[in-house]
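A quick write-up on the structure given underneath.
The values are calculated or read from the model by the stated rules, or taken from the named source; none is laboratory data. Source: prediction; values computed, not measured. When we count neighbours, we look across all protein chains shown, and the Cβ atoms used for this are built from the backbone with ideal geometry, even at glycine. Note: areas computed on protein heavy atoms with side chains; ligands, DNA, RNA excluded. Shrake-Rupley method; radii C 1.70, N 1.55, O 1.52, S 1.80 Å.
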Amino acid sequence: MFSWTPTQRNVASACFASWMLDAFDFFILVFVLSDLADNFQTNITQVSLAIMLTLAVRPLGALLFGRLAEKYGRRPILMVNIVCFTLFELLSAWSPTLAAFFAFRIIYGIAMGGVWGVASSLAMETIPDRSRGLMSGIFQAGYPSGYLLASICYGLFYGAVGWRGMFLIGALPILLLPFIYFKVPESPVWLAARARKESVALMPVIRSHWKLCLYLVILMACFNFFSHGTQDLYPTFLKVQHKFDPHTVSLIAITYNIAAMLGGILFGALSEKMGRKKAIILASALALPVLPLWAFSSGSLMVGIGAFLMQFMVQGAWGVIPGYLTELVPANARAVLPGFVYQLGNLLASVNATLQSSVAQSHNGDYGLALAMVAGTVAVLICIITFFGRETRGIEISGRSEV
């Protein structure tokens, strides 16, 4: 990383920040579910549909913005993407009814769906091939970093601004645009492809690689159940089941998101040494013995330790994914296909919050049981599915090992 050029570091920073601020805007919602339920005079299960709707439409955003990025370049489309999801995050703050809130979250979800694929392709196509595992971990660490930022903002500002003010704070991503405009160049791989007048037709790519696409959608569905199943309702679990105050909830969330960042970077870097598959399987398997402490312990200290260890493993497995997907897909579809299969997996996993809250309600409000059922099941599935996948460590995508 220290041997990267200033331009490569700028690209890495911008892509990380884009994914971080996108996640920040998404995770603001998970801290205020109970407040929205009270404001709109309904229950948490009903309000959690907003999470499901946001996740369900993200494939549309991945397809739309990914296709635009293949045609017009990664950099300008990433900037447009940031403007779009920031705008609809702001509009969420002024929702007069629950139906209006759902509508804004749907459009926000489309905008959110484009960021991962566009930003990851820009990053992976710019940094040196030898650093892709590390960059994969750093990039994916943007997701828990956004959750961490939302945790901090919730702890510091919620008491003063309320749930609507939290969504207003979601305008922060707009501050990233000047940096991208002045400091981030276009992907050299995309520029080379444009010079050769190469283009991509998505459907022929999917038809010729349908087995790979199906495999990746199933894998990403499990991964999204893994992350959303351990994150989205966890603040509600802390507030409703453990009766922790907002300050304690914020501190625990800060703790487990720091762990998530560390885990993603560590396992991403490890994947350069031990291989992508082994790194994913190791992190997922280590989540299993943590389940009892994470979901069924009592007291803020033990719950916090369990949350730290769980997110270290969950995001450790995730830290390998940006590089792994980039290496698996055809070269002329990197801006659209990784993000598209990722978000299709999100679509399948979009029922998670509603599913978990329903299970909790049917078991006398036992959110711990609902969380553990999902996390344990998908951890095992990820190990099995990854085992049958293809190893990709060492593949060159820039056409040379040094950039």
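A few remarks follow.
- Scanning region 332-364 for residues that are touching a helix residue (DSSP H, G or I) at 6+ places or on another chain (Cβ under 8 Å), of a type outside the set (Val, Ile, Thr) and over 18 Å from CYS222 (Cβ atoms) yields ASN332, ALA333, ARG334, ALA335, LEU337, SER357, SER358, ALA360, GLN361, HIS363.
- From the list LEU148, LEU168, the lone residue that is surrounded by 20 or more Cβ atoms within 10 Å (Cβ to Cβ) and either among the β-branched types (Val, Ile, Thr) or in contact (Cβ under 8 Å) with a residue 60 or more places away in the chain (or both) is LEU148.
- Condition check for TYR108: open to solvent by less than 40 Å² (accessible area, probe 1.4 Å), closer than 23 Å to ALA37 by Cα and of a type in the set (Phe, Trp, Tyr): yes
- Region 128-145: number of residues that are open to solvent by 40 Å² or more (accessible area, probe 1.4 Å) and of a type in the set (A, V, I, L, M, F, W, C): 1
- Yes/no for PHE40 being more than 18 Å from the chain's Cα centre (by Cα) and not charged (D, E, K, R): yes
- Of the criteria (1) modelled with pLDDT under 95; (2) touching a Ser or Thr at 6+ places or on another chain (Cβ under 9 Å); (3) surrounded by fewer than 21 Cβ atoms within 10 Å (Cβ to Cβ), which one SER250 fails: (3)
- Candidate set: region 11-57, residues that are farther than 17 Å from PRO144 by Cβ and acidic (Asp, Glu); chosen: the one least open to solvent (accessible area, probe 1.4 Å): ASP35
- First in region 247-268 and under 23 Å from TYR158 (Cα atoms), second anywhere and open to solvent by 10 Å² or more (accessible area, probe 1.4 Å) and not in a helix (DSSP H, G or I), Cβ under 8 Å, 6 or more apart: ILE252/PHE244
- Verdict on LYS278 being assigned to a helix (DSSP H, G or I) and either more than 27 Å from TYR154 (Cβ to Cβ) or in contact with a Gly (Cβ under 7 Å, 6 or more places away or on another chain) (or both): yes
- Boolean, ARG132 is of a type outside the set (Asp, Glu) and farther than 30 Å from ALA279 by Cα: no
- On the stretch given as region 330-388, residues that are open to solvent by 50 Å² or more (accessible area, probe 1.4 Å) and touching an Asp or Glu at 6+ places or on another chain (Cβ under 8 Å) total 1.
- With respect to being touching a helix residue (DSSP H, G or I) at 6+ places or on another chain (Cβ under 9 Å), β-branched (Val, Ile, Thr) and crowded, with 24+ Cβ neighbours inside 10 Å, THR7 falls outside the description.
- Failed condition for LEU98, given (1) touching a residue at least 40 places away in the same chain (Cβ under 8 Å); (2) closer than 17 Å to ILE180 by Cα; (3) surrounded by fewer than 22 Cβ atoms within 10 Å (Cβ to Cβ): (2)
- Within region 14-54, the set of residues being free of Cβ contacts under 8 Å to residues at least 40 places away in the same chain, of a type outside the set (D, E, K, R) and not in a loop (DSSP other than H, G, I, E, B) comprises just one member, ALA37.
- Top-ranked residue in region 171-193 [being open to solvent by 80 Å² or more (accessible area, probe 1.4 Å) and touching a residue at least 40 places away in the same chain (Cβ under 8 Å); ranked as farthest from GLU125 (Cα to Cα)]: TYR181
- Region 151-165 - residue that is open to solvent by less than 70 Å² (accessible area, probe 1.4 Å) and among the aromatic types (Phe, Trp, Tyr) and, of those, nearest to the chain's Cα centre (by Cα): TYR154
- Scanning region 256-296 for residues that are surrounded by 24 or more Cβ atoms within 10 Å (Cβ to Cβ) and more than 22 Å from ALA370 (Cβ to Cβ) yields a total of 10.
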